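What follows is a set of notes on a single structure, which appears directly below.
What follows is calculated from the coordinates using simple rules that are stated; it is not laboratory data. Remember, predicted model here, so these are calculated numbers, not experimental data. A quick note on method: Cβ atoms are made from the backbone with ideal geometry, for glycine too, and the neighbour counts reach across all protein chains shown.
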Amino acid sequence: MNRTLSFKLGAIAALVILLLIPLLMIGGLISERQALRDEVVRGIAQSSSFNQQLSGPMLVVPYRKVVRSWVTQDGHTFQEARDNSGFLYFLPETFELDGTVSTEPRSRGIYETRLYHANNQIRGQFKLPANWGISKDLDDYRFDAPFIAVGVSDIRGIQKGLTLKLGEQTLNFQAGTGLAWLGGGVHVPLPNLDGKAETQLDYAFDLALQGTGQLHVLPVGRSSTVNLSSNWPHPSFIGNYLPNNREVRADGFTAQWQTSFFSTNLEDVLSQCVSKDDCEAFRARTFGVSFIDPVDQYLKSERAIKYALLFIALTFAGFFLFEVLKNLSVHPIQYALVGVSLAFFYLLLLSLSEHLGFGLAYLISAAGCVGLIGFYLCHVLHSAARGLGFAAGLAVLYAMLFGLLSAEDYALLMGSLLLFALLGAFMVLTRRLDWYGVGRAL
């Protein structure tokens with residue numbers, strides 16, 4: 001290959017490698033700004049309330065059991081008795097939740113997160129066996145007053161006082177669940193319930209709950225039904241169970257979940273939680289909704305910069321194609337200035353997207369870079385038509401890049417087809433080119 005052509009191609013390759021330095025710096029800046037945003041969001045949640053998980057209600061019966069054993073000491077055998085304490089747990093036969101969720105933005109500086117207010121109406125029924133299900137050695141048991149516990153992961157989000165309607169009674173909730181493994185929440189004592197006879201208890205209470213980001217519900221009922229509606233039009237349904245029915249509209253969404261003990265296996269998981277002190281599986285049997293804004297300018301900027309090296313290489317290839325087809329001589333410094341302009345696009349995109357949103361920021365940044373490079377190339381290529389033609393091709397590349405960023409599921413397919421099409425165009429345009437002659441001309 002001609003030495004001059006080799007030098008030109010080597011210089012272009014070196015420029016591409018050198019441009020990695022500012023691109024890596026911009027990538028680091030994207031990560032830094034994203035971390036700062038996340039810190040501000042955590043700070044807002046710290047001042048209000050975090051993600052919320054509702055676990056309960058469940059009926060809890062504290063007990064003490066006399067355990068007798070025979071002991072031999074100094075040749076004498078006698079019976080020793082000691083007390084063991086614990087809890088009996090009863091999950092509801094039915095659990096129904098109807099929730100209406102409204103959202104509001106909270107901002108600090110240029111960063112914003114979303115708070116939600118969930119007004120929940122909760123109702124259902126407990127079916128309790130006679131003598132709390134104890135069939136053997138009943139005389140050895142002593143039962144304390146039972147209580148109903150409701151777990152709320154961040155109790156700061158409880159917005160109103162809580163009252164429980166239990167049959168014909170109205171009882172006030174008290175702070176704390178009374179169960180270390182369940183965490184934060186509320187409970188209500190049931191002093192008039194002795195458990196001697198088989199009992200059915202209808203319960204109902206309203207829970208106004210504030211949270212940030214996500215709302216999780218643990219379906220504690222043998223049969224559970226949860227209905228949620230909201231004014232948030234971009235829900236992300238999360239957890240172990242997707243809604244049975246859902247409708248997402250421009251003005252909000254509605255969703256319904258239905259589960260049973262056959263699908264959740266919650267009684268066995270609760271038993272393992274209590275006996276083995278490992279409650280992660282119990283807490284994980286949840287479903288819910290995420291209210292996080294899906295338009296994340298930092299994530300899209302990060303995805304955009306991953307294509308930067310390919311984008312610069314394609315631009316330089318087009319630049320070089322103009323050079324060889326039109327028998328022009330372009331200095332490596334002019335390549336470098338075009339490359340730096342392309343790198344500045346990503347810095348403009350990041351800074352503008354924090355204030356204007358990603359779509360508008362992309363349009364302004366791309367238009368600025370295309371306009372600058374087009375103006376510059378009109379003089380470098382000694383023709384306004386050539387400069388504007390190259391700028392038009394660059395605008396098409398920016399449009400294709402935006403399509404790749406928007407169509408995440410088809411990004412690989414679109415990118416592969418684009419590269420194949422560009423390779424084909426390059427081969428067709430240079431199919432009759434005398435590369436040895438090009439080398440002598442440069």
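The helix-only estimate of mean residue ellipticity at 222 nm for the chain, built from DSSP H runs of length n ≥ 4 each weighted as -39500 (n - 2.57), is -14000 deg cm²/dmol after division by the residue total.
By the rule of a second cysteine Cβ within less than 4.7 angstrom, the chain holds isolated cysteines at CYS369, CYS378. Pairs from the table (LYS160/LYS276; LYS127/LYS276; LYS8/LYS306; LYS65/LYS160; LYS160/LYS300; LYS160/LYS196) lying more than 31 angstrom apart at Cα are LYS160/LYS276; LYS65/LYS160; LYS160/LYS300; LYS160/LYS196.
Across the stretch 51-290, the relative contact order, built from alpha-carbon pairs under 8 Å that are at least six residues apart, equals 24 percent. In the chain, Cα pairs under 8 Å separated by at least six residues give a relative contact order of 17 percent.
Just to be sure I understand the rule: take each whole DSSP H helix in the chain, project its Cα atoms onto its long axis, keep it if the span is 20 Å or more and its mean Kyte-Doolittle hydropathy is at least 0.0. Which ones pass? Result, helices passing both filters: 3-18, 20-47, 308-325, 332-356, 358-380, 384-406, 411-429.
When the chain is treated as a GNM with alpha-carbon contacts under 10 Å, the residue of VAL330, VAL220, VAL66 showing the greatest mean-square fluctuation is VAL66.
Comparing GLY109, GLY99, GLY211 in a Gaussian network model of the chain (Cα springs below 10 Å), the most mobile by mean-square fluctuation is GLY109. For the chain, the equivalent ellipsoid derived from the Cα gyration tensor has semi-axes of 69, 24, 18 Å, listed largest first.
Between amide H atoms placed 1.01 Å from N, distances below 5 Å from ARG106 occur with THR113, ARG114, LEU115, all of them 5 or more places distant or on a separate chain. Exposed loop sites here mean GluC sites (Glu not before Pro) with a DSSP loop assignment and at most 16 other beta-carbon atoms within 10 Å; the chain contains its longest site-free run at 199-442. The relative contact order of the stretch 164-222 comes to 34 percent, based on Cα pairs under 8 Å that sit 6 or more residues apart. In units of the rule-of-thumb radius 2.2 N^0.38 Å, the stretch 51-290 shows an alpha carbon radius of gyration of 1.19. Compute a Gaussian network model of the chain, connecting alpha carbons closer than 10 Å, and tell me which residue from HIS216, HIS187, HIS355 fluctuates the most. Judging by the Gaussian network model, the answer is HIS355.
State the Cα centre-to-centre distance between the stretch 238-271 and the stretch 166-226 in whole Å. A separation of 19 Å, based on Cα centres.
The trypsin sites (Lys or Arg not before Pro) of the stretch 99-187 that meet both conditions, a loop assignment by DSSP and at most 13 other Cβ atoms within 10 Å of the site Cβ, are LYS136, LYS160. When the P(r) of the stretch 108-206 is calculated, the portion above 25 Å amounts to 34% of the C-alpha pairs.
Considering only ASN131, THR177, TYR141, the residue lying farthest towards the positive end of the dipole of the chain is THR177, judged by Cα position with unit charges set on Cβ. Centroid-to-centroid, using Cα positions, the stretch 364-405 and the stretch 129-158 are 72 Å apart.
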